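The values are calculated or read from the model by the stated rules, or taken from the named source; none is laboratory data. What you see is a predicted model, and the numbers here were worked out from it, not measured in a lab. Neighbour counts are summed over all protein chains in view; Cβ atoms, including those assigned to glycine, are modelled from backbone coordinates with ideal geometry. These accessible areas exclude ligands, DNA and RNA; they are computed on the full protein's heavy atoms, side chains included. Shrake-Rupley method; radii C 1.70, N 1.55, O 1.52, S 1.80 Å.
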Amino acid sequence: MAVSSMFDIRDAMTITERYQWAYGLAVFVTSGAYFGWLGGQLTHIPAGEINCVTPLLWTLLGSVGIHTLGRGFAAHAAQDESRTDERDVHISQRADSLCFLIFSVVAAVPLLLGIASVQPFWITNALFPAFSLTSVVGVGLRVWLYRTQDAA
Amino acid sequence: MKHKPTRVTNRIRVLRAEHGDMTQAELAARLDVTRQTIIAIEQGRYSPSLEMAFQIARVFKLPLDEVFQYGAAHAG
């Protein structure tokens, strides 16, 4: 089966929704890999001695790479159906407003950790999940709106 | 999957059939929107903007209220 036909989902989704799937996949895979690595490290190394900077940078780079590839596949599958319209805008606006609320709540954790002057390791590893969680929830919310709800 | 219907109903599916079996894709192309948006409007999952509603009515050469209806049960 050709790659293009595997991803030929024109009937099911708009190009914007496919881009959301690509973004969600990138965040899910790379964040999952990072948290898996971090969990493994925490089992035998004290938190303060873990160097998470390099793995975190690779995670971000990997996320950008997978997202870019995913968008490429999505655009290829879309072929000439690359329109976006007012419904995409309405769904995006609705999801963005909810994501802002979610991030405001979860970002309070690293803020409080910073105020408490805990180790940078914990602040970093509280902030990164806040971004990841908000991204995954945002993708899920958009897909849900595309499939079920009146987005007006 | 359970859909939340809007209060606005429409006759787009019938009107497409009456206009030479116009496809959803053809209507979408004339309005410069996605076919998924036409599907969502026809299924009552999405209420288009007033501007798009006028554009749809113009495609079928009908007044707006012959294409879209606001349910009597919800009238004001």
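See the values below:
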| quantity | calculated |
| --- | --- |
| Stretch gain in nm, segment A:Ala12-A:Ile50, where the contour uses 0.36 nm per residue and the Cα spacing is subtracted | 9.2 nm |
| Estimated distance in nm for a label pair at B:Val14 and A:Val89, the labels positioned 7 Å out from Cα along Cα-to-Cβ | 3.1 nm |
| Helix-derived mean residue ellipticity, 222 nm - over chain A, DSSP H n ≥ 4, -39500 (n - 2.57), to 500 | -26000 deg cm²/dmol |
| Spin-label pair B:Leu64/B:Ser49, simplified geometry with 7 Å Cα→Cβ offset, distance in nm | 1.4 nm |
| Relative contact order of chain A, defined on C-alpha pairs under 8 angstrom at six or more residues apart (%) | 36 percent |
| Dipole magnitude of the protein assembly as shown, debye to nearest 20 (Cβ charges: Lys/Arg +1, Asp/Glu -1, about Cα centre) | 340 debye |
| Segment A:Thr124-A:Leu69, length gained on full extension (0.36 nm per residue, minus Cα span) | 17.1 nm |
| Charge dipole of the protein assembly as shown about the Cα centre (unit charges at C-beta), most positive-ward option of A:Tyr19, A:Ile45, B:Gly71 | B:Gly71 |
| Computed accessible area, B:Ile39, all protein chains, 1.4 angstrom probe, square angstrom | 30 Å² |
| Inter-label distance for A:Thr43 and B:Met22, nm, one decimal - labels placed 7 Å from Cα along Cα-to-Cβ | 6.2 nm |
